[in-house]
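Structure, as structure tokens:
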Amino acid sequence: MWIYSGREIKPMKKKLLLFVITSIFLQPLYSQNSWTQKANFGGAARRSAIGFCIGNYGYVGTGYNSSFYDDLWQYDPVNDVWTQVASCPGAARFSAVAFVISNNAYVGTGYDVNNNFNTADFWKYDAVGNSWSQSASMPAGQERRYASAFSAQGRGYVGTGVGAAGYLNDLWQYDAGSNSWAQKANFPGAARYECVAFNIGEYGYIGCGAFAGTIYNDFYEYQPQNDTWFQKSNYPGLGGDAAAGFALEGRGYIGTGSTQGSYPVDFYEWNQYDDAWTAKAAFPAPGRAFGTGFSILDKGYIGLGEAAGYFNDWWEYTPDSLFSSLDGETEAMQIPFIFINGQKLSIINPNSGNESMVLVLYNLEGKKAVSKEVKSGLTIIPVSLPAGIYAYRIYSNSKIFAGKIFVL
């Protein structure tokens, strides 16, 4: 069974006619856009730590606070509990990167203070077995710190940062099947470090960062299938250097960071479909750079970092409910009914005329599950989706409808 409820989320000019299909299984969804303080990170306060998510758990480790760390901690968001797990077997380091492929995390690069050099080694973490094994290092000469990393289409990507050759704008792809690295198209912005990176669905994103006192706010999308970069709208926030970010339900989020003179707390959401940034609730704790961020299911998290001192606090972000109330009036438009019968997704668009819509369905990792044009009348789409919560967006010209669907 599919259960649907929704309403338009973009103010227009006339009244909105709302269609709702409900059930006793439908749980209330509230407008949030809010932050909640959670249990402090289980390890020592620090900056420049790695963060990643596997399944329903988050992980934070390595980093610096005058000491260098190789520890790793698992965060359980349901019970709000931190548990120390197996430490990374490589050298203690800070400003490393991490990405996830097939429920394994890969951790590498960063600065090894004990030996006073940048690193290129990589280590695979098996969360089920709580064990590590060494993976292929990046090619010779690619040692670096303050790099960017994301995963997309089953592969990992590492780029930018600073190494022996100075500031970098390259991009390298890791293939877990062959345990090998291949160089890809260079990041098109200026060489830099301390960027924000994440993936939304099939694409990777890198933006912001700094170079020799210059702070950047440009933002780029990488499409792995054709090894191509596209520039997107600039990040409008202040703290472009060493900001934190994550992706959530098909949207990207960036906030905190540094102006190299102050530590702003502004926080913005990026919409992949219309390439627009929207200001959201400010980060509620003291501003900071070099924080750690990731998302788990339908929540985002930011914590740790450095300003006048080091932090070990941890904050949970709940995005706007896709049923949030609207200010003002909206254009008359009927929202399609969405339901499922077996392996067929049926959408009834009650709007007459030639106006079509595009339905995009995302799972809670932000990956596209369905993308289909929906014309007036009945559209049937064959689907095969596991049970869970899916976020949808329906686009029609400048109007955006959104909500969540429960697949039971």
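Throughout, read-outs are computed from the coordinates displayed, never taken from laboratory work. Values in this document were obtained by computation on a predicted structure and should not be read as measured data. FYI the Cβ positions are ideal-geometry reconstructions off the backbone, even for glycines, and counts take in every protein chain you see.
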Check: Using modelled backbone amide H atoms (1.01 Å from N, in-plane), which distant-in-sequence or interchain residues come within less than 5 Å of E249's amide H?
Finding: G366
Item checked: Least to most buried among S66, S295, S34 (fewest other Cβ within 10 Å first) -> S66, S34, S295
Margin query: For a quick check: with amide H placed at 1.01 Å from N, whose amide H comes under 5 Å from Q272's, ignoring anything fewer than 5 positions away on the same chain?
Written below: G252
Check: Using the Karplus equation 6.51 cos²θ - 1.76 cosθ + 1.60 (θ = phi - 60°), what ³J(HN,Hα) coupling, rounded to whole Hz, does each residue of the stretch 257-264 give in order, writing x for Gly and Pro?
Finding: x, 9, 9, 6, x, 8, 10, x
Item checked: Point-to-point label distance, V358-D298, nm (Cα→Cβ direction, 7 Å offset) -> 2.5
Next item on the list: Filter the chymotrypsin sites (Phe, Trp or Tyr not before Pro) in the stretch 253-292 down to the DSSP loop ones having no more than 13 other Cβ atoms within 10 Å, then list what survives.
Entry: Y273
Notebook entry, point to check: From the phi of every residue in the stretch 125-142, what ³J(HN,Hα) in whole Hz does the Karplus formula 6.51 cos²θ - 1.76 cosθ + 1.60 yield, where θ is phi - 60° and glycine or proline is x?
Noted result: 10, 9, 5, 5, x, 6, 9, 10, 9, 7, 9, 4, 6, 4, x, 4, x, 9
Next item on the list: Mind jotting down the distance between the C-alpha centroids of the stretch 149-190 and the stretch 285-317, whole Å?
Entry: 25
Next item on the list: Hey, can you grab everything whose amide H is under 5 Å from the amide H of E202? Only 5+ residues off in sequence or another chain; H modelled, so Pro and N-termini drop out.
Entry: K368
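Can you tell me the length gained on complete extension of the stretch I380 to D274, counting 0.36 nm per residue apart and subtracting the Cα distance?
35.6 nm
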Next item on the list: May I ask you to derive the FRET efficiency for D80 and N116 from their Cβ-Cβ distance with R0 = 22 Å, giving the value to the nearest 0.05?
Entry: 0.05
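What is the gain in length, in nm to one decimal, between K344 and S262 on full extension, counting 0.36 nm per residue of separation less the C-alpha to C-alpha distance?
Values: separation 82, 0.36 × 82 = 29.52 nm, distance 5.32 nm.
Length gained, K344 through S262: 24.2 nm.
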Next item on the list: Starting from the Cα-Cα distance between A140 and N104, subtract it from 0.36 nm times their residue separation and give me the gain in nm to one decimal.
Entry: 10.5 nm
